[in-house]
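The structure appears right after this line, and notes come after that.
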Amino acid sequence: MISTRRLTVIACGILFATFSWAQAQATDTAPSQTPQQRVANLKAWVQASREQMRAFQWIETTTVSVNGEQKSKVVQRCYYGEEGALVKVPLEQTQASEGAQGVFGILGSIKEHKKEEMEAYIQSATQLVHEYIPLTAQKIQQATSNGYMSVQVLEPGREVEVKFSNYLKEGDSLGVKMALPTNQLLGVSIVTYLNDDTQDEVTMNATTAVLPDGTIYVQNILLDGESKNVTVSVENAGYQRLAR
């Protein structure tokens, strides 16, 4: 005959085993997705964000610095027109020195014959920011279809990074951090190069934020052009709904 104490031990053992099994089952059945499903969620977010942004206007501030010194700041009002094209209306443009010539007026210690080269570099760097961001579902799918996509777990159950190579240029890399289990986009990191010079590497990092209605948008972008000590900062703020 089994004693009461032994029955208690057995019951506790069964209860512990049941709890352990249930915990394992919960882990096994916790929301997990294949890389292809992650990409599908990312594309859905990109498309939804584009549609949601059409309801807003916002202020974009682009600041260019050389060797840590601000050289220019351009402020523009942005919104999507009726046909879906992004419209930018200049509001303010400042330069570091009065009487400066060229697109960004880079003067000071830069020699005359280097000014045009520097201005061209800055113009290309600023343009490059908007070639990568906002992301497009088409480019994401193209990189995926070509086999240039992978997923890395950053924090189990909390955060993953969907990585793409050859996203826009051959040899570049783009990583998108996503929160789990919501698949909310947290930020984007990019390693690429200017024009066709693969040795002229630049990095970009973008962070996202959430509007009161739940719309996720790219809040800040920072490009670092190390070869010329140039940084391009783009800040999006002041979101307001458009009166259509």
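The values are calculated or read from the model by the stated rules, or taken from the named source; none is laboratory data. This is a predicted model, so every value here is computed, not measured. When we count neighbours, we look across all protein chains shown, and the Cβ atoms used for this are built from the backbone with ideal geometry, even at glycine. Ligands, DNA and RNA are stripped out before the accessible areas are found, and what is left, the full protein with its side chains, is counted by its heavy atoms. Shrake-Rupley method; radii C 1.70, N 1.55, O 1.52, S 1.80 Å.
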Search result, residues across segment 24-45 that are modelled with pLDDT of 90 or more and crowded, with 16+ Cβ neighbours inside 10 Å: Arg38, Val39, Ala40, Asn41, Leu42, Lys43
Within segment 38-86, can you find the residues that are farther than 27 Å from Gln240 by Cβ, outside any strand (DSSP E or B) and over 19 Å from the mean Cα position of the chain (by Cα)? Asn67, Gly68
Looking only at segment 230-244, filter to residues that are open to solvent by 30 Å² or more (accessible area, probe 1.4 Å) and touching a Leu at 6+ places or on another chain (Cβ under 8 Å); which one of those is farthest from Gln70 (Cα to Cα)? Tyr239
Residues of segment 131-187 being among the β-branched types (Val, Ile, Thr), in contact (Cβ under 8 Å) with a residue 40 or more places away in the chain, open to solvent by 20 Å² or more (accessible area, probe 1.4 Å) and in a strand (DSSP E or B), which ones? Val151
Might you let me know whether segment 95-109 holds any residue that is in contact with a strand residue (DSSP E or B) (Cβ under 9 Å, 6 or more places away or on another chain), polar (S, T, N, Q) and modelled with pLDDT under 95? yes
Considering only residues of segment 194-207 that are of a type in the set (Val, Ile, Thr) and modelled with pLDDT of 95 or more, which is farthest from Gln240 (Cα to Cα)? Val202
Please state which of the following conditions Gln199 fails to meet, knowing it meets all the rest: (1) out of contact with any Gly (no Cβ under 7 Å at 6 or more places or on another chain); (2) surrounded by 12 or more Cβ atoms within 10 Å (Cβ to Cβ). (2)
May I ask you to list the residues in segment 217-229 that are assigned to a strand (DSSP E or B) and open to solvent by 20 Å² or more (accessible area, probe 1.4 Å)? Tyr217, Val218, Gln219, Asn220, Leu222, Asp224
Condition first: of a type in the set (Asp, Glu) and closer than 13 Å to Ile216 by Cα. Now tell me which residues in segment 47-68 satisfy that. Glu51
